[in-house]
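Comments concern the structure below.
The values are calculated or read from the model by the stated rules, or taken from the named source; none is laboratory data. As the structure is a prediction and not an experimental result, all values here were calculated from the model. Here the Cβ positions follow ideal geometry from the backbone for every residue, glycine too, while neighbour counts run over all protein chains shown.
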Amino acid sequence: MITKIAFVSHPTRDMAKSRKFFGDVLGLKQTAAYEDKWCEFDTPDGKTIALDTFTPKDKGPYLALETDNIEKELARLRKKGVPVVMDLMDNKVCKMAMIQDPNGHGIMIHQMEAGRLKALNEKRAGGAKATPKARAKAKARSSAARPTAKKTAAKARRGR
């Protein structure tokens, strides 16, 4: 089952210039970086824009939809005749596959790694009510699951 928009990816050929544009010009907070191949910026409402250097030049931005069971969702989509243009890949941070809509646009089906998802959910649930010790513990778990923790929607609403 599709549960939400995971992110929108915006391919780039020059990561440094793109980081400067999305961070300094647009004023978005960078929340993750994986070498010089992928980085993420969060909007104030907690949505994520990803920049990547590996999308082919002839492909534009794409939508990534989160699922709670990627294997089951891919099987369901295949039964409905949806073209799968990149089969299931697991990079230990997430599982992903690319499908194609009727107009030829790529859509990523995405499932966050369980430990990373748990840490993110705990962080979001802790919010302002959590003790400093509990917040530090959640932050440590989140950092272990992901190099740079994403800014949560709760923090964005509090203006932090």
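In the stretch 6-54, how many are among the acidic types (D, E) and touching a Pro at 6+ places or on another chain (Cβ under 7 Å)?
Applying the first criterion (among the acidic types (D, E)) to the stretch 6-54 yields 14, 24, 35-36, 40, 42, 45, 52.
Adding the requirement that they be touching a Pro at 6+ places or on another chain (Cβ under 7 Å) leaves 52.
The qualifying residues number 1.
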Taking T53 as the residue in question, decide whether it is in contact with an Asp or Glu (Cβ under 6 Å, 6 or more places away or on another chain), under 28 Å from A114 (Cα atoms) and surrounded by fewer than 17 Cβ atoms within 10 Å (Cβ to Cβ). no
Has the stretch 91-108 got at least one residue that is in contact (Cβ under 8 Å) with a residue 60 or more places away in the chain and in a helix (DSSP H, G or I)? no
Within the stretch 111-132, is even one residue at pLDDT 90 or above and part of a strand (DSSP E or B)? yes
Hey, F41 out of contact with any Leu (no Cβ under 9 Å at 6 or more places or on another chain) and either under 19 Å from M112 (Cβ atoms) or not β-branched (V, I, T) (or both) or not: no
Of residues in the stretch 4-45 being of a type in the set (V, I, T) and in a strand (DSSP E or B), the one farthest from M108 (Cα to Cα): T31
